[in-house]
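**Student:** To start, I am sharing the structure in question, which I have written as structure tokens.
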Amino acid sequence: MASRKEYLNFIIEQLSELQEISYRAMMGEYIIYYRGKIIGGIYDDRLLVKPTKSAIAIMQNPTYELPYEGAKEMLLVDDVDNREFLTYLFNAMYDELPAPKKK
């Protein structure tokens, strides 16, 4: 099942306090970038983020889910209505994310 553009727009709006949020469509889903680093994505209308130490600590008892068959597990963000939480989560995760690969 592909993600809806409306859900993507909702998430991007929730993250509007952050600078340099971008996304890229990929096979019916969306990869989310924060300041040039992949932080997660939208898969089947779910916001999933990389399982960094800070994200695991902030989310307390996180739910791990597969974005798609054969992928590594990611953390389900189920408090997407809370802008402050999302801003805090993304800022806390940023330094732990790998730098973008050189092309």
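The values are calculated or read from the model by the stated rules, or taken from the named source; none is laboratory data. Bear in mind that the values here come from a model prediction, so they are computed numbers and not experimental data. Note that we place each Cβ from the backbone using ideal geometry, even for glycine, and neighbour counts take in every protein chain shown. Side chains are part of the model used for accessible areas, which takes the heavy atoms of the whole protein and leaves out ligands, DNA and RNA. Shrake-Rupley method; radii C 1.70, N 1.55, O 1.52, S 1.80 Å.
**Student:** Starting from the range 6-103, pick out the GluC sites (Glu not before Pro) whose DSSP state is loop and whose Cβ has at most 14 other Cβ atoms within 10 Å. Walk me through the intermediate numbers first.
**Tutor:** On the way: sites: Glu6, Glu13, Glu17, Glu20, Glu29, Glu65, Glu69, Glu73, Glu84, Glu96; in loops: Glu17, Glu20, Glu69, Glu73, Glu96.
Those that pass, being in a loop and sparsely packed, are Glu17, Glu20, Glu69, Glu73, Glu96.
**Student:** Taking amide H atoms as placed 1.01 Å from N in the peptide plane, list the residues 5 or more away in sequence, or in a different chain, whose amide H sits under 5 Å from that of Tyr23.
**Tutor:** Tyr33
**Student:** Mind putting a number on the dipole of the chain about its Cα centre? Charges go on the C-beta only, +1 for Lys and Arg and -1 for Asp and Glu, and I need it in Debye to the nearest 20. It would help to have the intermediate numbers written out before the result.
**Tutor:** On the way: 13 positive and 16 negative charges, 135 e Å.
Rounded to the nearest 20 debye, it is 640 debye.
**Student:** Under a 1.4 Å probe, what is the accessible area of the chain per residue, stated in Å²?
**Tutor:** Values: 6420 Å² over 103 residues.
Accessible surface, normalised per residue, equals 62 Å².
**Student:** Near the amide H of Leu47, under 5 Å away, which other amide H atoms are found, from residues 5 or more places off or on another chain, if H is placed in the peptide plane?
**Tutor:** Sorted by chain and number, the residues that satisfy this are Val77.
**Student:** Sticking with the crude label model, points 7 Å out along Cα→Cβ, report the distance from Asp79 to Lys103 in nm, one decimal please.
**Tutor:** 3.7
**Student:** Sequence-distant or interchain residues sharing an amide H contact under 5 Å with Tyr30, placed H: which?
**Tutor:** Ile42
**Student:** Whole-Hz Karplus ³J(HN,Hα) for the range 65-70, in order, using 6.51 cos²θ - 1.76 cosθ + 1.60 and θ = phi - 60°, x for Gly and Pro?
**Tutor:** Rounded to whole hertz, the list is 9, 8, x, 6, 4, x.
**Student:** Residue-wise, which Karplus ³J(HN,Hα) couplings in Hz belong to the range 49-63, taking 6.51 cos²θ - 1.76 cosθ + 1.60, θ = phi - 60°, and x for glycine or proline?
**Tutor:** Those phi angles translate into 10, 5, x, 7, 4, 5, 5, 4, 5, 5, 7, 6, 6, x, 9 Hz.
**Student:** Shifting gears a bit: Ignoring ligands, DNA and RNA, please state the percent of accessible area on the chain from carbon and sulfur, probe 1.4 Å.
**Tutor:** Numbers: 3240 of 6420 Å².
For the chain, the apolar C and S fraction of the accessible surface comes to 50 percent.
**Student:** Can I ask one more? Please work out how much length the chain gains when fully extended from Phe10 to Asn61, using 0.36 nm per residue of separation minus the C-alpha to C-alpha distance, in nm with one decimal. Present the calculation step by step, with values, prior to reporting the outcome.
**Tutor:** Values: separation 51, 0.36 × 51 = 18.36 nm, distance 2.49 nm.
Length difference between fully extended and current span is 15.9 nm.
**Student:** Lysine pairs, Cα distance under 22 Å, 8 or more residues apart or cross-chain: how many in the chain?
**Tutor:** 16
**Student:** In whole Hz, what ³J(HN,Hα) sequence does the range 21-31 give by Karplus (6.51, -1.76, 1.60; θ = phi - 60°), x for Gly and Pro?
**Tutor:** Result, ordered by residue: 8, 9, 8, 9, 6, 8, 6, x, 10, 9, 8 Hz.
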